[in-house]
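J.: Mind looking over this structure? Questions follow.
The values are calculated or read from the model by the stated rules, or taken from the named source; none is laboratory data. Because the structure is a prediction, the values reported are computed rather than measured. Side chains are part of the model used for accessible areas, which takes the heavy atoms of the whole protein and leaves out ligands, DNA and RNA. Shrake-Rupley method; radii C 1.70, N 1.55, O 1.52, S 1.80 Å.
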Amino acid sequence: MGKIKNFVCKHKKKLSVMATAAVMTAMSAINCFAAEADTPVSSDNALQTALTSFTDALTNVQGNILQFIVAAIPTALAIFGVVVAVTKGIGFVKKLLGKAS
């Protein structure tokens, strides 16, 4: 039991990411196994439903990620511009002060 406890303590972050991914996968698969009222249940039908749900989920995730990126780019560019301007400004002032001495 001590070896397991040490392993879990040592790899806490990796295990939490894996557990989160497993739970998300399991929870997103629940609606794949729900049968429609007028649709007969078969393995081909279940596979098609699972494939459609998985494709829709990935499309939604892609759209959400792109929305986050589009929302973050203007702020990131502004911060990057300020950092570059301050760095160049400090270098310019140091160069002027060095020549004046």
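J.: Calculate, in nm to one decimal, what Phe68 and Phe80 gain on full extension: separation in residues at 0.36 nm each, minus their alpha carbon distance. If you can, show how the numbers build up before the last one.
T.: Numbers: separation 12, 0.36 × 12 = 4.32 nm, distance 1.78 nm.
Using 0.36 nm per residue and subtracting the Cα-Cα distance, I get 2.5 nm.
J.: Next up: So how do Val70, Val8 rank on accessible area, 1.4 Å probe, biggest first, that is with the largest at the start?
T.: Values: Val70 105, Val8 65 Å².
So the residues, ranked largest to smallest area, are Val70, Val8.
J.: Subtract the Cα-Cα distance of Lys10 and Thr87 from 0.36 nm times their separation in residues, and report this length gain in nm to one decimal. Spell out each step's value before the answer.
T.: Details: separation 77, 0.36 × 77 = 27.72 nm, distance 4.00 nm.
Length gained, Lys10 through Thr87: 23.7 nm.
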